[in-house]
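Let me begin by presenting the structure, written as structure tokens, before commenting on it.
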Amino acid sequence: MANKLETIDVNLHYGDFHALKGISLAIPDHSVTALIGPSGCGKSTYLRLFNRMNDLIPNTKITGQVLMDGEDIYKIKSSKIDHLRRTVGMVFQKPNPFPKSIFENVAYGLRVNGISDNSFIENQVEKTLRQAVLWEEVKDKLKKSAFELSGGQQQRLCIARALAIEPTVILMDEPASALDPISTGKIEDLIFELKNQYTIIIVTHNMQQAGRVSDYTGFFYLGNLIEFDKTKKIFTSPSKRETENYITGRFG
Amino acid sequence: MTHLDSELRILKSDILEMWRLVVLQLEKGKEALTNFDRDLAEEVVENEKRVNSYELKIDKDCENIFALFQPVATDLRLVLASLKISNNLERVGDIAASVADFVLDAEQDFNKEILERTKILEMYSIANEMLADTLEAFDNEDTRLARTMFKRDKILDKIDEAALDLVYECIITYPEQARNSLLVMSMIRKLERVGDMSKNIAEEIIFYFEAKVLKHKKKKQKEGDE
């Protein structure tokens with residue numbers, strides 16, 4: 001399988017704080033990679049490399065290469081960054097729908113990208129709501145405010161919104177940590193469905209979730225990538241003592 | 001210590017107790033045969049129930065740990081290995097009881113000459129030592145000792161293979177002990193299985209400590225660093 005994303009010796013500093021220490025990692029296309037590790041280990045920082053969201057944090061310094069389809073996304077023209085963020089969708093911990101209708105939440109990304117063909121937009125909204133396994137629940141109330149949905153539905157709406165602009169990569173930062181078990185299950189099933197078409201990276205504190213949804217798992221600690229391997233290997237016989245201690249809950 | 005740690009500790013102590021009991025069952029069985037001690041043989045048969053209840057207890061321990069703690073890595077391997085080890089120990093327990101049953105079935109003392117010629121006592125000693133050593137290997141994380149099982153099992157196999165002709169000779173030589181000779185034959189067939197089960201247990205010990213799967217591997221790979 002070709003590598004969709006790759007970092008080569010990436011170091012990242014927030015001011016004096018060394019948040020990522022020489023991370024080299026290749027992420028295969030059409031796979032789900034889970035990033036695990038204790039709070040402050042660098043996993044979310046690493047995730048945000050791929051849509052250049054760290055750029056928005058003052059005093060951030062990044063060295064090394066971050067490649068998408070072989071191209072260094074930190075060497076592209078600043079005018080291309082918007083395009084990059086279109087190809088890399090992101091879903092956050094707390095569902096954050098816009099204060100708009102369900103329909104407009106999904107259509108928004110298309111409209112700001114200059115698409116005005118209403119029938120195209122309608123098709124795309126239905127298609128992505130179906131992809132996010134939300135269509136059946138909302139098809140009769142598309143004009144209603146997104147805030148009327150439950151937390152789990154709002155999160156799937158946010159996933160539909162990310163999918164609408166047809167990204168190739170989806171970054172998820174704790175996408176189910178604020179949800180009940182049923183909604184969590186739906187999000188996990190959705191991730192499993194989506195990996196046929198997208199490359200997904202998910203940051204999670206829930207290790208069983210990492211085990212259930214991902215093909216590969218990376219364990220971060222104190223800014224280092226301690227171990228990266230197939231998820232089955234990590235959760236049955238990890239190579240590093242630190243990984244073993246973390247996943248078995250004997251940390252520190 | 002985490003909650004899971006304390007549950008795993010209970011599991012380990014249950015399995016070690018079961019193990020010691022089964023080792024003791026084999027030892028008593030051998031003594032019962034050597035001294036034609038019917039009381040002791042009866043005790044072994046009776047104690048089989050205790051072995052079985054350990055197996056049920058360990059099954060339940062493992063089921064609870066899976067359901068409540070979702071163990072991973074070394075913890076997962078311990079639970080999986082415990083399930084299989086206790087299953088093998090239970091079968092060894094069955095064998096100890098069956099052999100004791102054969103002793104009870106004998107109508108007269110076993111002729112020492114028959115026990116000598118068929119090598120059944122030697123076989124019994126080796127089987128006992130093998131099982132006792134798997135216990136030591138588990139308790140001391142000694143995978144080297146566990147690996148010795150693969151070679152030692154061969155000695156039992158040889159005694160088993162030679163048994164038919166030797167028992168036949170005994171029947172001819174001591175016709176008044178023909179029935180006992182046949183009982184010895186049956187015991188040898190049973191004891192041979194203890195070697196196989198010690199091997200199975202050794203594989204689980206190596207899986208637990210080294211995360212290596214040796215089942216259905218060739219002999220050279222198994223003996224590895226021996």
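The values are calculated or read from the model by the stated rules, or taken from the named source; none is laboratory data. Small disclaimer: the values here were computed from a predicted structure and weren't measured. Cβ placement follows ideal geometry from the backbone for every residue including glycine, while neighbour counts extend to all protein chains displayed. Ligands, DNA and RNA are stripped out before the accessible areas are found, and what is left, the full protein with its side chains, is counted by its heavy atoms. Shrake-Rupley method; radii C 1.70, N 1.55, O 1.52, S 1.80 Å.
For the stretch B:1-10, residues that are part of a helix (DSSP H, G or I) and over 18 Å from B:Asn140 (Cβ atoms) total 6. Would you call B:Arg91 closer than 17 Å to B:Val22 by Cα and either in contact (Cβ under 8 Å) with a residue 24 or more places away in the chain or in contact with a helix residue (DSSP H, G or I) (Cβ under 9 Å, 6 or more places away or on another chain) (or both)? Yes; evaluated as a whole, the condition is true for this residue.
For every residue, the table says whether it meets (1) over 28 Å from A:His18 (Cβ atoms); (2) open to solvent by 40 Å² or more (accessible area, probe 1.4 Å); (3) among the hydrophobic types (A, V, I, L, M, F, W, C).
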{"position": "A:Lys139", "(1), (2), (3)": "yes, yes, no"}
{"position": "A:Lys143", "(1), (2), (3)": "yes, yes, no"}
{"position": "A:Ile159", "(1), (2), (3)": "yes, no, yes"}
{"position": "A:Ala176", "(1), (2), (3)": "yes, no, yes"}
{"position": "A:Lys186", "(1), (2), (3)": "yes, yes, no"}
{"position": "A:Thr204", "(1), (2), (3)": "no, no, no"}
{"position": "A:Glu242", "(1), (2), (3)": "no, yes, no"}
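Looking at A:Phe219, A:Phe235, just one residue is without any contact (Cβ under 8 Å) to a residue 40 or more places away in the chain and open to solvent by less than 70 Å² (accessible area, probe 1.4 Å), and that residue is A:Phe235. Kindly evaluate B:Ala162 against the criterion of being part of a helix (DSSP H, G or I) and either open to solvent by less than 20 Å² (accessible area, probe 1.4 Å) or within 14 Å of chain A (Cβ to nearest Cβ) (or both). In short, no. Across the stretch A:10-54, the qualifying residues are those that are in a strand (DSSP E or B) and free of Cβ contacts under 8 Å to residues at least 40 places away in the same chain, and the one among them that is surrounded by the fewest Cβ atoms within 10 Å (Cβ to Cβ) is A:Phe17. Within the option set A:Leu67, A:Leu84, being part of a helix (DSSP H, G or I), in contact with a strand residue (DSSP E or B) (Cβ under 8 Å, 6 or more places away or on another chain) and within 28 Å of A:His13 (Cβ to Cβ) holds for one residue only, A:Leu84. When restricted to residues that are within 14 Å of B:Leu76 (Cβ to Cβ) and of a type in the set (Gly, Ala, Ser), the stretch A:222-252 contains 2. Being part of a helix (DSSP H, G or I) and either over 19 Å from B:Glu90 (Cα atoms) or open to solvent by less than 50 Å² (accessible area, probe 1.4 Å) (or both) holds for only one residue in B:Glu136, B:Glu203, B:Glu129, and it is B:Glu203. What about A:Ser101, is it in contact (Cβ under 8 Å) with a residue 60 or more places away in the chain and of a type in the set (Ser, Thr, Tyr)? No; evaluated as a whole, the condition is false for this residue. Among the residues of the stretch B:53-103, the ones that are within 14 Å of chain A (Cβ to nearest Cβ), in a helix (DSSP H, G or I) and more than 18 Å from the chain's Cα centre (by Cα) come to 13 in all. Scanning the stretch A:229-245 for residues that are assigned to a helix (DSSP H, G or I) and either facing another protein chain (nearest Cβ under 10 Å) or under 22 Å from the mean Cα position of the chain (by Cα) (or both) gives A:Thr231, A:Lys232, A:Lys233, A:Ile234, A:Phe235, A:Thr236, A:Thr243, A:Glu244, A:Asn245.
Among the residues making up the stretch A:191-224, a single one is out of contact with any strand residue (DSSP E or B) (no Cβ under 9 Å at 6 or more places or on another chain) and either hydroxyl-bearing (Ser, Thr, Tyr) or closer than 28 Å to A:Asn11 by Cβ (or both): A:Tyr221.
Looking only at residues in the stretch B:1-41 that are in contact with a Gly (Cβ under 7 Å, 6 or more places away or on another chain) and within 14 Å of chain A (Cβ to nearest Cβ), the one that is surrounded by the most Cβ atoms within 10 Å (Cβ to Cβ) is B:Leu4.
Of note, A:Gly89 does not satisfy the criterion of being closer than 30 Å to A:Lys230 by Cβ and either among the β-branched types (Val, Ile, Thr) or surrounded by fewer than 17 Cβ atoms within 10 Å (Cβ to Cβ) (or both). Checking the stretch B:172-193 against the condition returns a match, with at least one residue being under 17 Å from B:Glu90 (Cα atoms), in contact (Cβ under 8 Å) with a residue 60 or more places away in the chain and either buried (at least 22 other Cβ atoms within 10 Å of the Cβ) or among the aliphatic types (A, V, I, L, M) (or both).
Looking at B:Arg189, B:Arg193, just one residue is in contact with a helix residue (DSSP H, G or I) (Cβ under 8 Å, 6 or more places away or on another chain), assigned to a helix (DSSP H, G or I) and over 28 Å from B:Glu17 (Cβ atoms), and that residue is B:Arg189.
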